[in-house]
Amino acid sequence: MPHGKTLCSRLIAGGLLLMACFTACAQDARVARLGYAARLSDPLAQSAQQGVELAVEDANAQSLRSRDNWRFELLAQDDRSNANFAVNVARYFIKAGVAGVIGHWSSDSALAVAPLYEQANIPQINFTSTNSQLTAQGYTQIFRMVGGSDDVAATMADVALSSLQSKNLVVIGNASSYSRALSKAFLAQVVERSGLVVSSLFVSRNTADFNAVLKSAIEQNADLIVFSAQFTQAHDFLKSARRLGVKTRILMVGGASNVDFSAEDNGGLYVLEYDVPQENCARWKSFEQRFHARFGAPPSTYARYTYDAATMLAQAVRLTNSTDGQSIAAALRKMHFVGLGGDIEFDAAGKLLKPTYTLYHAQRAQWRVVRFYPAEAHPPVRCN
């Protein structure tokens, strides 16, 4: 037996530190690199990266226990939520031979790099990029951890028309592919279900000035404003609404429950999130405790998505016993994974099967559950 393996066996038997064993076994280990791409200057993207880091640590601990000789490494890159930077990041990942990529952060970035990953046979698991076009172009390497814009729009229509009983809607979005796709799908759903005429107002994806569109919404006597622009613009949007004294109910989509908007809350602030309530998931509490102990802060919802995505990639590497992208993608499509937020399965196109959503209302600086979707899955599904 090679010296490295003999020493590694002794270290395992002695219960010494993981890093000591990995150092001794480095010459024998098979390395699988996992790429993570996002706007790393954003605290929520940093929390998501920490979710990947924890998953990689857990995967390496499992390798040590099972002695399967796989070692996982994280390569994190800042794509600045910009399509051009994302292309450069994708080329770096391809050159580095990653086994899979978690990200990119925006739909524009994800759409720009999808052909590159497809050609290189590298699976890409998206956790914030919701544009349904990603999984509608016949790619074999694209997967999505959350519902696409078509699924989200259908649920948003349920919220607006049924839960919030809106009769006069105004949508405020921006020029990003995410916002355009979501707004278009939402408007189609509302018209099909109710026949209501919905006004759409759009701003630049980088603007902080929402005064004109908000004044227009007020003039139209909107009883619900649906905010479909970039999440990074949410604070500026809500500050403008507060400054103008807007009392109209506001519906945001995805991510807002991670942020304290109490200073901008007008009493009618809602968010539709992409999963079941955390209290329905028994594993969430232990994950939250471990995450806080490791990083000194509670995890965001994005950390949950990325932890599950990285864990699934590591499992696929083990199942196929390789870093071959085609094999890993095939394994992901067959996988029934019990994640931190419930069951995760993909269809042949890489779409998440049976996406779930929860509507929250901001009350006294807390996000309170209003309703779970889809309505027919009542009571809400529980996860292990």
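The values are calculated or read from the model by the stated rules, or taken from the named source; none is laboratory data. These numbers were taken from a predicted model, which means no experiment stands behind them. Methodologically, a virtual Cβ is constructed for each residue, glycine included, from the backbone with ideal geometry; neighbour enumeration extends over all protein chains shown. Note: areas computed on protein heavy atoms with side chains; ligands, DNA, RNA excluded. Shrake-Rupley method; radii C 1.70, N 1.55, O 1.52, S 1.80 Å.
Pull up region 79-90, narrow it to residues that are farther than 19 Å from Phe143 by Cα and out of contact with any Ser or Thr (no Cβ under 7 Å at 6 or more places or on another chain), then point me to the one that is most open to solvent (accessible area, probe 1.4 Å). Once the filter is applied, the top-ranked residue is Arg80. Summed over region 326-374, residues that are out of contact with any helix residue (DSSP H, G or I) (no Cβ under 7 Å at 6 or more places or on another chain), basic (Lys, Arg) and over 23 Å from Gln133 (Cβ atoms) total 3. Pairs are defined by a Cβ separation below 6 Å, a sequence spacing of at least 6 or placement on different chains, a first member in region 132-150 that is open to solvent by 10 Å² or more (accessible area, probe 1.4 Å), and a second member that is among the β-branched types (Val, Ile, Thr); the pairs so defined are Thr135/Ile142. Only residues that are part of a helix (DSSP H, G or I) and closer than 15 Å to Ser66 by Cβ: list them for region 304-323, please. Within region 304-323, Thr311, Ala314, Gln315, Val317, Arg318, Leu319 meet the criteria.
Checked against the criterion of being over 23 Å from Gly339 (Cβ atoms), in contact (Cβ under 8 Å) with a residue 40 or more places away in the chain, part of a helix (DSSP H, G or I) and not polar (S, T, N, Q), region 97-110 contains one or more residues that satisfy it. Looking at region 192-271, the strands (runs of 3 or more DSSP E) lying wholly inside it that each contain 2 or more residues that are open to solvent by less than 10 Å² (accessible area, probe 1.4 Å) sit at 224-227, 249-253. Total residues in region 338-366 satisfying the condition of being open to solvent by less than 50 Å² (accessible area, probe 1.4 Å) and either modelled with pLDDT of 95 or more or farther than 21 Å from Ala61 by Cβ (or both): the figure is 16. Among the residues making up region 120-141, those that are among the hydrophobic types (A, V, I, L, M, F, W, C) and either in a loop (DSSP other than H, G, I, E, B) or more than 18 Å from Ala181 (Cα to Cα) (or both) are Ala120, Ile122, Ile125, Phe127, Ala136.
Taken over region 316-335, the criterion of being open to solvent by 10 Å² or more (accessible area, probe 1.4 Å) and in contact with a strand residue (DSSP E or B) (Cβ under 7 Å, 6 or more places away or on another chain) is satisfied by Arg318, Thr323, Arg333.
Of everything in region 151-167 that is touching a residue at least 60 places away in the same chain (Cβ under 8 Å) and aliphatic (A, V, I, L, M), the residue that is nearest to Ile328 (Cα to Cα) is Val152. Exactly one residue out of Ala293, Ala314 is out of contact with any helix residue (DSSP H, G or I) (no Cβ under 8 Å at 6 or more places or on another chain), more than 25 Å from Pro374 (Cβ to Cβ) and not basic (Lys, Arg), and it is Ala293. Taken as a whole, the condition of being outside any helix (DSSP H, G or I) and either buried (at least 21 other Cβ atoms within 10 Å of the Cβ) or among the basic types (Lys, Arg) (or both) applies to Leu34.
Conditions (1) open to solvent by less than 40 Å² (accessible area, probe 1.4 Å); (2) out of contact with any Lys or Arg (no Cβ under 7 Å at 6 or more places or on another chain); (3) on the phi < 0 side of the Ramachandran plot, marked per residue:
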{"position": "Val56", "(1), (2), (3)": "yes, yes, yes"}
{"position": "Arg65", "(1), (2), (3)": "no, yes, yes"}
{"position": "Asp68", "(1), (2), (3)": "yes, no, yes"}
{"position": "Ala99", "(1), (2), (3)": "yes, no, yes"}
{"position": "Ala110", "(1), (2), (3)": "yes, yes, yes"}
{"position": "Gln124", "(1), (2), (3)": "yes, yes, yes"}
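Can you spot a residue in region 5-18 that is in contact with a Leu (Cβ under 8 Å, 6 or more places away or on another chain) and at pLDDT 95 or above? No, region 5-18 contains no residue that is in contact with a Leu (Cβ under 8 Å, 6 or more places away or on another chain) and at pLDDT 95 or above.
For (1) within 30 Å of Phe261 (Cβ to Cβ); (2) among the hydrophobic types (A, V, I, L, M, F, W, C), each residue gets a yes or a no:
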position: Ala293; (1), (2): yes, yes
position: Arg304; (1), (2): yes, no
position: Asn321; (1), (2): no, no
position: Phe337; (1), (2): no, yes
position: Asp347; (1), (2): no, no
position: Ala365; (1), (2): yes, yes
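The residues of region 160-180 that are surrounded by fewer than 24 Cβ atoms within 10 Å (Cβ to Cβ), hydrophobic (A, V, I, L, M, F, W, C) and within 25 Å of the chain's Cα centre (by Cα) amount to a single one, Ala175. How many of the residues in region 342-369 are in a strand (DSSP E or B) and in contact with a strand residue (DSSP E or B) (Cβ under 8 Å, 6 or more places away or on another chain)? The number of residues fulfilling the criteria is 14.
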